[in-house]
Amino acid sequence: MLWVSELRDDTFYAVIWVEREGKLISIDSRPSDALALALRVDCPIFVDDEVLRSSKATTASTEKTSSEDISKWLETLNDDDLGKYKM
């Protein structure tokens with residue numbers, strides 16, 4: 001199980017919970033690594049309610065990007081920008 005547990009100073013924190021030999025072990029992790037692992041092994045991903053509230057407040061207070069700006073940016077992407085996932 002992955003639990004995104006905290007948002008502090010614009011940084012997310014995560015904990016990976018693993019059961020081994022009947023014991024539950026917690027491992028602190030970068031959320032990006034934890035999410036990648038969780039997606040590979042198809043395990044549940046949970047986010048603390050306070051993290052959701054904080055991230056929404058942070059997002060609401062930052063500058064918004066218009067859909068036109070996003071469309072322009074997407075149009076400039078090429079195959080190299082997409083890494084190994086060629087289109």
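Read the figures in this text as sums done on the coordinates, not as results from a lab. Bear in mind the structure is a predicted one, so any value in this text is a computation, not a measurement. FYI the Cβ positions are ideal-geometry reconstructions off the backbone, even for glycines, and counts take in every protein chain you see.
Could I have the simple spin-label model distance between Lys72 and Arg53, label points 7 Å from Cα toward Cβ, reported in nm to one decimal?
Distance between label points: 3.8 nm.
For Met1 and Leu35, compute 0.36 nm times the residue count separating them, minus their Cα-Cα distance, and round to one decimal in nm.
On the way: separation 34, 0.36 × 34 = 12.24 nm, distance 1.01 nm.
Net length gain for the segment: 11.2 nm.
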